[in-house]
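To start, the structure itself, in structure tokens.
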Amino acid sequence: MLNSYVALDIETTGLNPAKDSIIEVGAIRIENGTVTDMLSTLVNPGYHIPDRITDITGIDDDMVKDADTIEKVFPRLLEFLGKDCVIVAHNANFDVGFLKQNAKALGYEFDYTYLDITLYLITVLSRKPPPIIRLHTREWELTHISLLRPYCRIFRAKVWRHYADILELM
């Protein structure tokens, strides 16, 4: 059993870690089933957040205008994670991909063990491997949600934010 981990979620301006930016970071440290610490911050990408992203995340330009940039937020995230952290996330490859890209661009190491809770739950609870669908598409999201629906309380609101996502994992 995993006794200590960090449930993590990020919001971004798009799907491509090489050209899009992180606009929100949320992380909750869980030790022996108890929340022991939290990190939540908006991130100023330095450019206009596309309207379609605002529709999905609820995050707009006004919300991030006074926020720190990723150059200041990333070291705080690394300090929060510590050295031997296990990251648990929904669609972890997406979040970790953005974090690895930012680490490389900023000159940091980012080599953490991580668990994609969505794929894990689908595999364990449905007792079959997840279907092969192109990642990060609406079809991918709907398929994973429909496979998990019988096992988890999944309610999809139009706008959802990282703490709701993270707490749903617990």
Task: Leading residue by the ranking (least open to solvent (accessible area, probe 1.4 Å)) among those in region 65-94 that are modelled with pLDDT under 95 and assigned to a helix (DSSP H, G or I) - done: Ala92
Task: Complete set of residues in region 9-33 that are open to solvent by 70 Å² or more (accessible area, probe 1.4 Å), modelled with pLDDT of 95 or more and among the charged types (D, E, K, R) - done: Lys19
- [ ] Provide a single number: the residues in region 39-50 that are outside any strand (DSSP E or B) and either open to solvent by 40 Å² or more (accessible area, probe 1.4 Å) or without any contact (Cβ under 8 Å) to a residue 12 or more places away in the chain (or both).
- [x] 3
Task: Which numbered condition Thr36 misses (of (1) in a strand (DSSP E or B); (2) over 16 Å from Tyr114 (Cβ atoms); (3) open to solvent by less than 10 Å² (accessible area, probe 1.4 Å)) - done: (3)
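The values are calculated or read from the model by the stated rules, or taken from the named source; none is laboratory data. Bear in mind the structure is a predicted one, so any value in this text is a computation, not a measurement. Neighbour counts run over all protein chains shown; Cβ positions are idealised from the backbone, glycine included. Accessible surface areas use protein heavy atoms only, side chains included; no ligands, DNA or RNA. Shrake-Rupley method; radii C 1.70, N 1.55, O 1.52, S 1.80 Å.
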